[in-house]
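The values are calculated or read from the model by the stated rules, or taken from the named source; none is laboratory data. Everything quoted here is computed from the prediction, not taken from an experiment. Cβ: placed from backbone, ideal geometry, glycine included. Neighbour counts: every protein chain shown. Quick note on the areas: whole protein, heavy atoms, side chains included, nothing else; ligands and nucleic acids left out. Shrake-Rupley method; radii C 1.70, N 1.55, O 1.52, S 1.80 Å.
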Amino acid sequence: MPALTKRFTVVPVVQLEDGWLACDSEAVECATADDASKVAKILARKPGYCAAVAFARTGDITTGKYYEAEIIKRVGDLLVPEAQGLGRLSLAKLPRSIDPKKGP
């Protein structure tokens with residue numbers, strides 16, 4: 001039976017000039033879920049970032065197989081292009097999963 005490990009990670013998010021969102025290529029590994037929440041709050045306020053997402057994944061590090069990620073914390077606000085008429089959208093209020101064909 002494989003040994004399952006839970007990993008806690010934070011990914012900072014930037015909003016590009018055209019309104020698209022992009023995750024920073026450098027994810028931050030944390031020791032606990034509480035640490036990941038704290039790091040997400042800090043990174044979301046760091047200049048250049050508009051948000052951050054902390055999540056946990058359980059899996060087998062020897063095989064690289066992981067279960068679906070569990071969102072721990074979403075921090076920050078996203079500016080939605082005016083053409084969509086939505087103004088500011090809180091990342092914390094987005095649903096846990098988004099259908100890419102339908103949107104939030």
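Quick look at the values:
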{"quantity": "Residue match in region 3-14 (condition: outside any strand (DSSP E or B), surrounded by 17 or more Cβ atoms within 10 Å (Cβ to Cβ) and either at pLDDT 90 or above or at negative phi (or both))", "calculated": "no"}
{"quantity": "Residues that are under 15 Å from Lys6 (Cβ atoms) and either among the charged types (D, E, K, R) or open to solvent by 60 Å² or more (accessible area, probe 1.4 Å) (or both), drawn from region 33-61", "calculated": "Asp34, Asp35, Arg57, Asp60, Ile61"}
{"quantity": "Residue pairs meeting the criteria (Cβ under 8 Å; at least 6 apart or on separate chains; first at pLDDT below 90, in region 59-81; second open to solvent by less than 50 Å² (accessible area, probe 1.4 Å) and among the charged types (D, E, K, R))", "calculated": "Tyr66/Asp60"}
{"quantity": "Failed condition for Glu26, given (1) over 15 Å from the mean Cα position of the chain (by Cα); (2) modelled with pLDDT under 85; (3) open to solvent by 30 Å² or more (accessible area, probe 1.4 Å)", "calculated": "(1)"}
